[in-house]
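Trainee: Structure in structure tokens, see below.
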Amino acid sequence: MSQNVKQAFLGSFFHTPIYGSFEYLEDALIEVDAAGVIARVVRKDDPAQAALINTYREAGVLTELGENRYGLPGFVDIHVHAPQWPQAALALDEPLYVWLEKCTFPLESKFADLDFADKVYRDLVNQLLARGSTTTVYLGSAHLESSILLAEICNAKGQRALVGKTVMDDPAANPPYYRDASVQSALADVQKHIDAVEAINRNSWAGVYPVVTPRFIPSCTDEVLKGMGDIAAKNDVYVQTHCNEGQWEHDVVLERFGKTDPYALRDFGLLREHAIMAHCPYLTPEEGEMFAELGVTIAHCPMANSYFSSAVAPIQRFRSQGIHVGLGTDISGGYSPSMYENIRQAVLVSRLLETGVNAMLPPDARGGLGEGTRLSVVEALWLATKGGGEALGLPVGSFQPGCDFDLQVVDVKRRDGDLTGFRVFDAPIDRLARILYLSSVDNVRKVYCNGKLLRDKDLEG
Ligand SMILES: [Zn+2]
């Protein structure tokens, strides 16, 4: 037994180390070191495997996934509005500005109350973990204290998290009851937030990182946008915001600056490496080249785009341009906290983008982009795992040596969730497709982040 190995996991695992394909590790042994990092993957055809299994079993450090269970990497959800959790599923038939004014701003303003924030944030983190999300990128509310509290809760629960305090300072664009009081106070709070989250991270197991978070250009003044770009550079931290979310945002920014959202964000210093730009369906090929050069990340939010963007983001084009792309639930522009649900929607909307949708027009006039547009479910899984890891520059999302061991164990034979398909079609891709399309929260039984068991529903009952 290698001295370094502290735990070992025996079972069958699916993962997507390379975009476009998956690997099925049948009856494999994964060795995890004291830091929660994968030391080695020993396949079943390796002659050393049997002896290693015995050694780890005798040492009491072997975990067997068990019959009808499969391991998948923990999901990486790169766009979640934490304070919008109580709003999930509401007002999705409204345009964005009505949705914001009717529900979002009144709701987010309640997070000045730390007791309320504590209750909501604890529940949200639990619900995301229960669905296999081990890394999450959060936008907090505009309040400094509750956004620090969110980072503390993620850290206490063991979830890897990137957390931002949302900035929205323009008095002309935000309601008086919910906005940053001034440019100076907004920028001071951003720096305080970075310092506080970095202090939490110093004692964190899985990692908690600060994110400079302007809500989006229309809610911020030029001074605050410039100031936030400077703060991000000075502190060398992540940035996240919305980019090109819909036609309205696109037009407002163009009118205000005479240039599009991506160039305006770049000129404020907000397009740093691994800066997370949510949505981006309007991104032109030229803007995409600029994203790829700068190492910017796109958070693909297929649900929210369907509700609010009037467009489908061309993910295959983004990928072929070499842009980092991950997947986001976008609670609550998307209603579901489940990355499974968003994997399905990513595939589904790509089919609509491929063909176009107005059957009253001839096929070549329906607006479809044609061949090479659709995503496979395996590609969507990559976006939700390995792609998310690459997008954030973190070693997560696959079962490769050197990666943090983030695991969700899926039981395909629950009483009300039999995903075996009666074994009629039983190739590995069939098993994986059923897991991705048909799993419910009950099928996800155990969740580990960085080698640590965070949820064990078998024990929880
Ligand atoms: Zn969003």
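The values are calculated or read from the model by the stated rules, or taken from the named source; none is laboratory data. Here the structure is a predicted model, which is why all the values come from computation and not from measurement. Using ideal geometry, Cβ is built from the backbone for each residue, glycine included, and neighbour counts are taken over all protein chains shown. We work out accessible area using only protein heavy atoms, side chains counted, and drop any ligands, DNA or RNA first. Shrake-Rupley method; radii C 1.70, N 1.55, O 1.52, S 1.80 Å.
Trainee: Provide, for q = 0.19, 0.28 Å⁻¹, the log10 of I(q)/I(0) from a solvent-free Debye sum over equal Cα point scatterers in region 248-310.
Mentor: Those come out to -0.73, -1.31, one per q.
Trainee: Something else: Can you pull a Stokes-Einstein diffusion coefficient for region 240-386 at 10 °C (1.306 mPa s), Rh from Kirkwood over Cα pairs, as a whole number of µm²/s?
Mentor: On the way: Rh = 15.5 Å.
Estimated diffusion coefficient is 103 µm²/s.
Trainee: Kirkwood Rh, Cα Rg: Rg to Rh for region 390-434?
Mentor: 1.13
Trainee: Moving on to the next point. Would you pull out the residues with amide H under 5 Å of L419's amide H, same chain only if 5 or more places away, H placed 1.01 Å from N?
Mentor: Long-range HN contacts for L419: K413, R414.
Trainee: Next up: Applying the Karplus parametrisation 6.51 cos²θ - 1.76 cosθ + 1.60 with θ = phi - 60° to the phi angles of region 322-336, what ³J(HN,Hα) value in whole Hz is obtained for each residue in order, glycine and proline being reported as x?
Mentor: x, 8, 5, 9, x, 10, x, 6, 6, 3, 10, x, x, 7, 10
Trainee: Hey, another quick one. To the nearest 20 Debye, how big is the dipole of the chain about its Cα centre, given +1 on the beta carbon of each Lys and Arg and -1 on that of each Asp and Glu? Walk me through the numbers on the way to the answer.
Mentor: Working: 42 positive and 60 negative charges, 191 e Å.
In debye, rounded to 20, the chain gives about 920.
Trainee: Further, regarding this structure: Amide H to amide H under 5 Å from F13: which residues, 5+ apart in sequence or cross-chain, H placed 1.01 Å off N in plane?
Mentor: Long-range HN contacts for F13: L25, E26, D27, A28, G71.
Trainee: Between the DSSP loop rule and a limit of at most 16 other Cβ atoms within 10 Å, which chymotrypsin sites (Phe, Trp or Tyr not before Pro) in region 13-120 are left? Display every interim value, and only then the final one.
Mentor: Values: sites: F13, F14, Y19, F22, Y24, Y56, Y70, F75, Y97, W99, F111, F116; in loops: Y19, F22.
Qualifying residues, ordered by number: Y19.
Trainee: Which value, in Å², gives the accessible area per residue of the chain when a 1.4 Å probe is used on the protein heavy atoms?
Mentor: Accessible area per residue: 38 Å².
Trainee: Only Cα pairs under 8 Å and at least 6 apart count here; give the relative contact order of the chain as a rounded whole percent. Walk me through the numbers on the way to the answer.
Mentor: Values: 1020 pairs, mean separation 84.0, N = 461.
RCO, the chain: 18 percent.
Trainee: Per the 1.4 Å probe, what fraction of the accessible area of the chain, in percent, lies on carbon and sulfur atoms?
Mentor: 52
Trainee: From the cross-link list K165/K386; K6/K446; K102/K192; K165/K457, which pairs have alpha carbons spaced over 22 Å apart?
Mentor: Checking Cα-Cα distances, K165/K386; K102/K192; K165/K457 exceed 22 Å.
Trainee: Here is a further query. Report the gain in length on full extension from S21 to E273: 0.36 nm times residue separation, minus Cα-Cα distance, nm rounded to one decimal.
Mentor: That pair, S21 and E273, stretches by 88.1 nm at full extension.
Trainee: List every residue whose amide H lies under 5 Å from the amide H of L327, counting only residues 5 or more places away in sequence or on a different chain, with H placed 1.01 Å from N in the peptide plane.
Mentor: Residues meeting the criterion, in which the H sits 1.01 Å from N, are I78, H300, G388.
Trainee: Can I ask one more? Can you list the GluC sites (Glu not before Pro) in region 369-461 that are in a DSSP coil and have 12 or fewer other beta carbons within 10 angstrom?
Mentor: Details: sites: E371, E379, E390, E460; in loops: E371.
Taking region 369-461 and a limit of 12 other Cβ atoms within 10 Å, the loop GluC sites (Glu not before Pro) found are E371.
Trainee: ³J(HN,Hα) across region 159-169 via Karplus (A = 6.51, B = -1.76, C = 1.60, θ = phi - 60°), whole Hz, x for Gly/Pro?
Mentor: Couplings: 7, 6, 9, 10, 10, x, 8, 5, 10, 8, 10 Hz.
Trainee: Can you classify region 274-360 as rounded, prolate or oblate using the Cα gyration tensor, where a ≥ b ≥ c are the square roots of its eigenvalues, rounded means a/c under 1.5, and otherwise it's prolate if a/b beats b/c and oblate if not? Write down the numbers at each step before the final one.
Mentor: Details: a/c = 1.97, a/b = 1.23, b/c = 1.60.
The shape class here is oblate.
Trainee: Sticking with this structure for a sec: May I ask for the percentage of alpha-carbon pairs in region 52-186 that lie more than 18 Å from each other? Don't skip to the answer; put the middle values down first.
Mentor: Numbers: 5637 of 9045 pairs.
When every Cα pair of region 52-186 is considered, 62 percent fall beyond 18 Å.
Trainee: Shifting gears a bit: Taking only DSSP H segments of four or more residues, each worth -39500 (n - 2.57), what value at 222 nm results for the chain once the sum is divided by all its residues, to the nearest 500 deg cm²/dmol? Write down the numbers at each step before the final one.
Mentor: Numbers: 17 runs with 172 residues, N = 461.
For the chain, the value works out to -11000 deg cm²/dmol.
Trainee: Over region 75-392, what lengths in whole Å, largest first, do the semi-axes of the equivalent ellipsoid take, defined as the square roots of 5 times the eigenvalues of the alpha-carbon gyration tensor? Each step should come with its number before you reach the end.
Mentor: On the way: eigenvalues 166, 94, 73 Å².
Semi-axes (√(5λ), whole Å): 29, 22, 19.
Trainee: Still on this model: Per residue of region 358-367, in order, report the coupling 6.51 cos²θ - 1.76 cosθ + 1.60 (Karplus, θ = phi - 60°) as ³J(HN,Hα) in whole Hz, putting x for Gly and Pro.
Mentor: Rounded to whole hertz, the list is 8, 6, 6, 9, x, x, 7, 10, 8, x.
Trainee: Roughly what % of Cα-Cα distances in region 410-461 sit above 12 Å, to the whole percent?
Mentor: Numbers: 860 of 1326 pairs.
When all Cα pairs of region 410-461 are counted, 65 percent exceed 12 Å.
Trainee: Show me the trypsin sites (Lys or Arg not before Pro) within region 358-461 that DSSP assigns to loop and that have at most 11 other Cβ atoms within 10 Å of their Cβ. Could you put the intermediate results ahead of the total?
Mentor: Details: sites: R366, R374, K386, K413, R414, R415, R423, R431, R434, R445, K446, K452, R455, K457; in loops: R366, R374, R415.
Taking region 358-461 and a limit of 11 other Cβ atoms within 10 Å, the loop trypsin sites (Lys or Arg not before Pro) found are R415.
Trainee: A follow-up question, please. What translational diffusion coefficient, to the nearest whole µm²/s, does region 1-90 have by Stokes-Einstein, given a Kirkwood radius computed over alpha-carbon pairs, a temperature of 4 °C and 1.567 mPa s viscosity? Walk me through the numbers on the way to the answer.
Mentor: Working: Rh = 15.2 Å.
This corresponds to a translational diffusion coefficient of 85 µm²/s.
Trainee: Between H143, N203, A89, whose Cα lies farthest towards the positive end of the dipole of region 75-392 when Lys and Arg beta carbons carry +1 and Asp and Glu beta carbons carry -1, centred on the Cα centre?
Mentor: N203
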